[in-house]
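The block underneath contains the structure these notes are about, expressed in structure tokens.
The values are calculated or read from the model by the stated rules, or taken from the named source; none is laboratory data. Note that the coordinates shown come from a computational prediction; the quantities given were computed from them, not determined experimentally. Heads up, the Cβs are rebuilt from the backbone with ideal geometry, glycines too, and the neighbour counts pull from every protein chain shown.
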Amino acid sequence: MKIKVLKTEQDYQEAITLLEEIGDDPNFENNPKLIDEFELLEKLVTDYENEKFPIEKGDPIEIIKLKMNYMNWKQKDLIPIIGNGSKGIVSEVMNKKRGLSKVMIRNLSKHLGLNQEILNTPYDLIKDKKTKTIATTIEDTSVFNPFNFDKQVSKCINSYSNRVRKNGMLLNV
């Protein structure tokens, strides 16, 4: 096979076959030409797979639940890991009402054997129906602008506050 950009499934399959043949060659490790060919094919195959078969990042809470199920853990087993002794915090996190903090991510990674990058994936929090809606647009800043900041400053404050609310973090002003 002539090495070329992989455009079809057939090109992809041929490249995989050639990769296997090159890798199985007994002289592979001592032949710089084979090594270069292998690396080039590997890059082409990886690019094709990333384009045609993208992997979506999963929901960290669902991944935690799957891992807990696999380990036969219950929600109460997370209390010392992420709840600081509080089952309420664990419940809020597991029900997506509170976001995972950096410390929680580190602890979960350590105890569940999960990569921190997997747990540090954004996910939507469930808004509590009892929570009052706070002004979120620049037009509404007069409602939530007790210090009478100009519109540009208010816009920055509201933008930051919305990001904090979306990610489930607390903000003390």
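Taken together, the residues in region 24-78 that are within 30 Å of G99 (Cα to Cα), acidic (D, E) and touching a residue at least 24 places away in the same chain (Cβ under 8 Å) amount to 1. Listed by position, the helices (runs of 4 or more DSSP H) inside region 68-139 whose residues that are farther than 22 Å from S159 by Cβ, modelled with pLDDT of 90 or more and small (G, A, S) number at least 2 are 87-94.
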